[in-house]
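Accompanying notes for the structure given below.
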């Protein structure tokens, strides 16, 4: 009789689980950044009314620049995803044990989150002043 229910998971299974969860989180952030990349463009179509544009011009003179910067931040967040994936694949090719905890992977992951957060803050500022 096998006692597979009481056996401890191996290190490779545990590592695979950690990498899968990490990549799932990266995919979620990328999907969110991709969705938010469309938001400023939709916002410009909503702003077709002259009274809202004049209100924004008086409240935030550089609102168009903020929209452009938010688009750039969302694009950088998406590009950071590809760097994270390439870092993990490079770790697999080199048979490195630290797939996620490599300094490059951690720094790019933090930057990905910062890019996404700053882009969202920029959108929130413009939405707040447009109402």
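Just a few scattered comments:
- Criterion applied to 111, 124 was being surrounded by fewer than 12 Cβ atoms within 10 Å (Cβ to Cβ) and in a helix (DSSP H, G or I), and the one residue passing it is 124.
- Qualifying residue in region 64-87 (condition: surrounded by 15 or more Cβ atoms within 10 Å (Cβ to Cβ), touching a residue at least 60 places away in the same chain (Cβ under 8 Å), under 24 Å from residue 127 (Cβ atoms) and over 20 Å from the mean Cα position of the chain (by Cα)): no
- Residue 29 buried (at least 19 other Cβ atoms within 10 Å of the Cβ), closer than 30 Å to residue 15 by Cα and in contact (Cβ under 8 Å) with a residue 60 or more places away in the chain: yes
Here, each number is a calculation from the coordinates, and none is a lab measurement. In this text the structure is predicted, and so the values were computed from the model without any measurement. Neighbour counts are summed over all protein chains in view; Cβ atoms, including those assigned to glycine, are modelled from backbone coordinates with ideal geometry.
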